[in-house]
Amino acid sequence: MLLQLVVVQACQSTPHVQDQASIRTIDHQRIQHIELLRPNTVLFLASVRGGLAWRGAFTGAVADVLRAADGATDISAMFDNAARVLLGNADCKRIHQLPELRKTTRKLLILPPTSGNYYSIHSFA
């Protein structure tokens with residue numbers, strides 16, 4: 001069985017900049033929302049709707065927890081572990097980044113251990 005898990009950080013309203021003033025220029029009317037319509041779907045969001053996300057911080061943390069999959073930890077706990085990483089990131093704290101988890105699963109989703117070449121994790125910034 002082939003398992004493909006895709007984590008996407010998209011819909012950036014402003015360029016990745018360090019200037020706090022430019023962050024305030026976001027046009028919140030253009031921000032879209034995502035609805036989960038299918039069962040057994042898990043969605044990781046880098047920040048809540050209308051929130052800000054430091055580019056690559058959450059997706060990098062998610063990649064790290066996926067690489068550490070042990071075959072016993074469920075996807076919700078993996079999300080919590082990735083979100084916890086942001087608590088120590090000064091840039092994420094400064095913009096009050098708050099990751100969000102949405103799911104329509106009825107059972108625990110536990111990924112198999114990552115021994116061998118089970119997962120190929122790519123980052124496209």
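The values are calculated or read from the model by the stated rules, or taken from the named source; none is laboratory data. A quick note: this is a predicted structure, and the numbers were derived from the prediction, not measured. Here the Cβ positions follow ideal geometry from the backbone for every residue, glycine too, while neighbour counts run over all protein chains shown. Accessible surface areas use protein heavy atoms only, side chains included; no ligands, DNA or RNA. Shrake-Rupley method; radii C 1.70, N 1.55, O 1.52, S 1.80 Å.
General remarks:
- Computed with a 1.4 Å probe over protein heavy atoms only, the accessible surface of segment 61-119 comes to 62 Å² per residue.
- Computed extension gain for ASN89 through LYS107, at 0.36 nm per residue and net of the alpha carbon distance, reaches 3.3 nm.
- LEU43 versus GLU100: modelled label distance in nm, points set 7 Å from Cα along the beta carbon direction: 0.8 nm
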